[in-house]
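Colleague: Let me give you the structure first, and then I'll get to my questions.
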Amino acid sequence: HDADDVYAWFDPDPTTNGGFSGANTSGNFCFGFDANDSSTFCNSQRFEDSVNNADFCGSADGWRLPTIEELEGLVDTNYATPMINGAYFPNTPLQSAFWSSTTNPNDSNKAEHLFFYNGQSYNSTSKTYTAASVRLVRDQ
């Protein structure tokens, strides 16, 4: 994948998607997109699957979209813009929102996201009309 790739929010699992799966989009906004191959679609689930299949960091499973609390835990106010430790997270896009797995508790059509340029999280982003960056996490 490419650092500039953005993805639609998509989680087909009704036990984790807050009642709305988001967009299994075929939009052309990630590296390797092929409109004839659904495994290349630019959505968060497809990206998660591709990372798990690639066996990054010695783990072929367990990579997932973080909760909003996990993303907020990466915010480091000791840094200006972006508000994240660049030694661990180099090339963090300044103007891109980062998806979380957290659905807006008042509207299942929206997911919470975070901007590292100001360290703020928001819960008003449509799962179907917005593309955002993805930073995956893994449980140890």
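Colleague: Just the accessible area per residue of the range 1-77, please: how many Å² with a 1.4 Å probe? Present the calculation step by step, with values, prior to reporting the outcome.
Modeller: Details: 4130 Å² over 77 residues.
It amounts to 54 Å² per residue over the range 1-77.
Colleague: Leaving out ligands and nucleic acids, note down the accessible area per residue over the range 93-140 with a 1.4 angstrom probe, in whole Å².
Modeller: For the range 93-140, the solvent-accessible area averages 50 Å² per residue.
Colleague: Any chance you could get the radius of gyration and Dmax over the Cα atoms of the range 43-84, in Å?
Modeller: Spelled out, the Cα radius of gyration and Dmax of the range 43-84 are 13.3, 35 Å.
Colleague: Taking the Cα-to-Cβ direction at Leu136 and at Thr77 and moving 7 Å from each Cα, how far apart do the two end points lie in nm?
Modeller: In this crude spin-label approximation the distance works out to 3.2 nm.
Colleague: For the range 61-140, which whole-number percentage of the solvent-accessible area (1.4 Å probe, protein heavy atoms only) is attributable to carbon and sulfur atoms?
Modeller: Details: 1990 of 4330 Å².
Roughly 46 percent of what the probe reaches on the range 61-140 is carbon or sulfur.
Colleague: By how many nm would the segment from Glu70 to Asp4 grow when fully extended, if each residue of separation counts as 0.36 nm and the alpha-carbon distance is taken off?
Modeller: Details: separation 66, 0.36 × 66 = 23.76 nm, distance 2.15 nm.
The span from Glu70 to Asp4 would gain 21.6 nm if fully extended.
Colleague: Testing the spin-label approximation: label points 7 Å from Cα along Cα→Cβ at Tyr122 and Thr16. State their distance in nm.
Modeller: Result for the modelled spin labels: 2.5 nm.
Colleague: Same structure, new question: In debye, nearest 20, what is the charge dipole magnitude of the chain about its Cα centre with +1 on Lys and Arg Cβ and -1 on Asp and Glu Cβ, if you could check? Let's see the in-between values first.
Modeller: Numbers: 6 positive and 18 negative charges, 56 e Å.
Dipole magnitude for the chain comes out near 260 debye.
Colleague: Oh, and also: Tell me the volume per residue, in Å³, of the convex hull enclosing the alpha carbons of the chain. Before the final figure, lay out each step's value.
Modeller: Values: hull volume 15.3 nm³, N = 140.
In the chain, the Cα hull volume divided by residue count equals 109 Å³.
Colleague: Do any cysteines of the chain lack a neighbour Cys whose Cβ is under 4.7 Å away, and which are they?
Modeller: Here Cys57 come out as lacking a disulfide-compatible partner, given the Cβ-Cβ threshold of under 4.7 Å.
Colleague: Something else: In nanometres, what is the gap between the two model label sites at Leu94 and Asn36, each 7 Å from Cα along Cα-to-Cβ?
Modeller: Placing both labels 7 Å along Cα→Cβ, they lie 4.1 nm apart.
Colleague: Right, here's the next one. Would you kindly derive the ³J(HN,Hα) couplings of the range 39-46 from the backbone phi angles with the Karplus curve 6.51 cos²θ - 1.76 cosθ + 1.60 (θ = phi - 60°), listing them in order in whole Hz, with x for Gly and Pro?
Modeller: 6, 9, 4, 8, 9, 4, 5, 4
Colleague: Could you work out the local net charge near Leu71, counting Lys and Arg as +1, Asp and Glu as -1, over the other residues with Cβ closer than 11 Å to its Cβ?
Modeller: Numbers: positive: Arg135; negative: Glu69, Glu70, Glu72, Glu112.
Here the charged neighbours net out to -3.
The values are calculated or read from the model by the stated rules, or taken from the named source; none is laboratory data. Bear in mind the structure is a predicted one, so any value in this text is a computation, not a measurement. Every residue, glycine among them, receives a Cβ derived from its backbone with ideal geometry; neighbour counts consider all protein chains shown. Heads up: the accessible areas ignore ligands, DNA and RNA and are worked out on the full protein's heavy atoms, side chains in. Shrake-Rupley method; radii C 1.70, N 1.55, O 1.52, S 1.80 Å.
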